[in-house]
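K.L.:
To start, I am sharing the structure in question, which I have written as structure tokens.
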């Protein structure tokens, strides 16, 4: 009855998911390592949904919750250890493949029932039941449909996944009966982060529609945005200051590159451990060269150890940067790709620029 | 019939606005000097609405359209000169007071009929007819209501401003009959820019609802965001690099300041004219100190000439920075204020920090 209407062969029906949940007691919810907004928010929302069904819940993620997500309700409920007792059902959210869970995924494979809930196009359908909508903005959006389907089922209301909610206020209210304010906050945080504050191509018609529905819960979107985007460590801006000074435009300004070096980390952090952790602060710096007027391809060179680089590529409108990344054994999508490379930076730049020219 | 239900004494009825428009032929649309997204987008949307009613239209703004708004349909139609011929009606958008139009506003006051369309709380009701909704996210939102009211009027459909559109698809379609795709792009650009990409407190329930309606027009929100946010001049990032290097945290990290100096402009721009223009590139830099974890008050010192500063203040959650600005004859709101100050920077900082401590 609630079979997906837009996800093709990836997905089983929502009914099958509900059956697995209803016939399980102890349920483990897991998400991917180095989790971001969609991962954490989705896992919490699933936990809250399960709690409303009186399940025993365990939330697992491999790495500590990032600073800017600790405001989320239940953020403290996550454990970085797998539960010792036997688990009836595992629900994995926001992972295209089970390996992305990181340490512990082998143990998880011994669990008898696995539900896979995701929106990645590359999802390999690893669950015993799969609920994957590749054109959803976020796993949060997928969960919105799933919770709405459950509300519709409980209240015997016709509802087609991916469509607007029923017009009649009373029916609409019942379809949303499984979503409370805290869950709305989590689902909104998912959409907000995975659409880059409604700036990416993932900011679809449906993403806006769901954001508008979630905002009926008085979730204070400005407060959520402030927590997520305005809790930067000072060190990140010190690094940004140094990194911006390396901005370089070539090919009539169509290609822009920027560097994050070990030297910069050395200057800002005293000890080796913090320098290593500091590497994470370079994340998303590639958006600065990308946002310069006239730039089509942006490249960020992150020096992970001496003369060893992690490269990020972004294209704005038409260039296929995955082809450049592939030259170095990396990959990704047309507009966002990455690879590793080593050697003298000047030589490396020369080669990379040359490959980039070919896809311009 | 379409009298506002939430704007109080500021506003006249939509019917009065429509009557003035319908009985005029040559109409001038103007907005404020140094226009940003909401100003330009709103003026264009009004122009398109008037064109659909077969009016002769003139678009005026004092300053050239910013680089990042030139993608908007009709952006080239603006003139920086007032029309020589007599005008029947002036429509001013996004101006709390007529003086904000800049040069030319005295001439405008001789026009017999003025309509004032705005969302600023401080709007002083300067028009012969006023349509001001202080709790709207943007003038674009106000125009959405106005256009919807016109569609409803033409099609004899009950519609209350500020409420969701009619449920029946056919009625809804008719209420929206005055809004085409290009106008939807403009109204969306208004909301996007005036909510800071849905991050400010102006990102209300209604703002999301309208964004979701506008997205039914296939307006490609990612493309609009790219044009608006990703057309930065390289020089802006060169300045940002230098400015970030001045970041200073005091009072246990609750106060953060950052500087934009003449010296920085001298280093980046050759001639005096460009240095002067470059001052505009410091705009919004105050958001960087504001977005640091733990910071409550952010201050940006912009050196406009030797030892002369323009100060911007931002508070995050509770401090009233307008009180600090008032000490120097400036003003603003609780969370965003500004003032001018002169003198040696170190002494100035000392005094400012002291005043800030008092409102923490």
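K.L.:
Just to confirm the numbers: residue B:124, label point 7 angstrom along the Cα-Cβ line, distances to the other copies in nm, shortest first?
P.N.:
Spelled out, the distances from residue B:124's label point are 6.8 nm.
K.L.:
Sticking with this structure for a sec: Treating each Cα of the range B:228-360 as an identical point scatterer and ignoring solvent, apply the Debye formula and state log10 I(q)/I(0) at q = 0.16, 0.22 Å⁻¹.
P.N.:
-0.77, -1.34
K.L.:
Please give the Cα centre distance for the range B:268-299 versus the range B:51-76, rounded to the nearest Å.
P.N.:
28
K.L.:
Which log10 I(q)/I(0) values, to two decimals, does chain B give at q = 0.09, 0.14 Å⁻¹ under the Debye formula with one point per Cα?
P.N.:
-0.55, -1.20
K.L.:
Next question, about the same structure. Ratio to report: Rg/Rh of the range A:157-271, with Cα atoms as the point set and Rh obtained by the Kirkwood method; give two decimals. Intermediate results must be reported in sequence, preceding the final value.
P.N.:
On the way: Rg = 21.2 Å, Rh = 17.9 Å.
Value, to two decimals: 1.18.
K.L.:
Compute the label zone of residue A:77 within the range A:130-173: residues whose backbone N is under 19 Å from the point 7 Å along Cα-to-Cβ.
P.N.:
A:139-148, A:150-151
K.L.:
Next question, about the same structure. Just grab the label-to-label distance for residue A:263 and residue B:216, each label 7 Å out from Cα along the Cβ direction, in nm (one decimal).
P.N.:
Result: 5.7 nm between the two label points.
K.L.:
In degrees between 0 and 90, to the nearest 10, how far off the longest principal axis of chain A does helix A:139-154 point, with axes built from Cα atoms?
P.N.:
10
K.L.:
Per-residue Cβ counts within 10 Å, from other chains only, averaged over B:240-248: what number is that? Before the final figure, lay out the partial values.
P.N.:
Numbers: counts 7, 9, 3, 3, 10, 7, 1, 5, 1.
Average neighbour count from other chains, rounded to a whole number: 5.
K.L.:
Taking a label point 7 Å from the Cα of residue A:67 along the Cα→Cβ vector, which residues of the range A:274-303 have an amide N closer than 20 Å to it?
P.N.:
A:274-288
K.L.:
Residues of A:190-196, mean number of Cβ from any other protein chain within 10 Å of their own Cβ, rounded to a whole number?
P.N.:
Values: counts 0, 0, 3, 0, 0, 5, 4.
Average neighbour count from other chains, rounded to a whole number: 2.
K.L.:
Inter-copy label distances at residue B:84, 7 Å along the Cα→beta-carbon direction, one decimal in nm, shortest first?
P.N.:
Ordered by increasing distance: 9.2 nm.
K.L.:
Please build a GNM for chain B, connecting alpha carbons under 10 Å apart, and tell me which residue among B:73, B:289, B:134 fluctuates the most.
P.N.:
Largest GNM mean-square fluctuation: B:289.
K.L.:
For the residue pair residue A:254 and residue B:345, what label-to-label distance in nm results when each label sits 7 Å from Cα along the Cα-to-beta-carbon direction?
P.N.:
In this crude spin-label approximation the distance works out to 4.0 nm.
K.L.:
Would you please give the FRET efficiency between residue B:160 and residue A:99, computed as 1/(1 + (r/R0)^6) with r the Cβ-Cβ distance and R0 = 60 Å, to the nearest 0.05?
P.N.:
On the way: r = 54 Å, r/R0 = 0.89.
Efficiency at R0 = 60 Å is approximately 0.65.
K.L.:
For the pair residue A:182 and residue A:110, what calculated FRET efficiency results from E = 1/(1 + (r/R0)^6), where r is the Cβ-Cβ distance and R0 = 45 Å, to the nearest 0.05? Show your work: numbers first, answer last.
P.N.:
Numbers: r = 32 Å, r/R0 = 0.71.
The value I calculate is 0.90.
K.L.:
What is the order of B:145, B:318, fewest Cβ neighbours within 10 Å to most? Before the final figure, lay out each step's value.
P.N.:
Numbers: B:145 24, B:318 11.
Final ranking by Cβ density, sparse to dense: B:318, B:145.
K.L.:
State the percent of C-alpha pairs, over all pairs in the range A:88-182, separated by a distance greater than 20 angstrom. Let's see the in-between values first.
P.N.:
Details: 1991 of 4465 pairs.
Everything past 20 Å amounts to 45 percent.
K.L.:
How far is helix A:205-214 tilted off the main Cα axis of chain A, in degrees rounded to 10, range 0 to 90?
P.N.:
60
K.L.:
Which whole number gives the average count of other chain Cβ atoms within 10 Å of the Cβ atoms across peptide A:202-213?
P.N.:
On the way: counts 2, 9, 3, 9, 2, 4, 12, 7, 2, 7, 11, 4.
Mean number of neighbouring Cβ atoms from other chains: 6.
K.L.:
For the protein assembly as shown, what is the convex hull volume of its Cα atoms per residue in Å³?
P.N.:
Values: hull volume 125.3 nm³, N = 720.
Convex hull volume per residue, Cα atoms: 174 Å³.
K.L.:
Once the Cβ-Cβ distance between residue A:201 and residue A:323 is put in as r, and R0 is 25 Å, what FRET efficiency do you end up with, to the nearest 0.05? Walk me through the numbers before you get to the answer.
P.N.:
Details: r = 19 Å, r/R0 = 0.77.
The formula returns an efficiency of 0.85 here.
K.L.:
Can you tell me the 0 to 90 degree angle between the C-alpha axis of helix B:181-194 and the longest principal axis of chain B, rounded to 10?
P.N.:
Taking Cα atoms only, the helix is inclined about 30 degrees.
K.L.:
What nm distances, shortest first, do you get from the label point of residue B:56 to those in the other copies when the point sits 7 angstrom along Cα to Cβ?
P.N.:
Spelled out, the distances from residue B:56's label point are 8.2 nm.
No lab work stands behind these numbers, since they all come straight from the coordinates. Quick caveat, the model's predicted, so the values are computed rather than measured. As a convention, Cβ positions derive from the backbone with ideal geometry for all residues, glycine included, and neighbour counts pool all protein chains shown.
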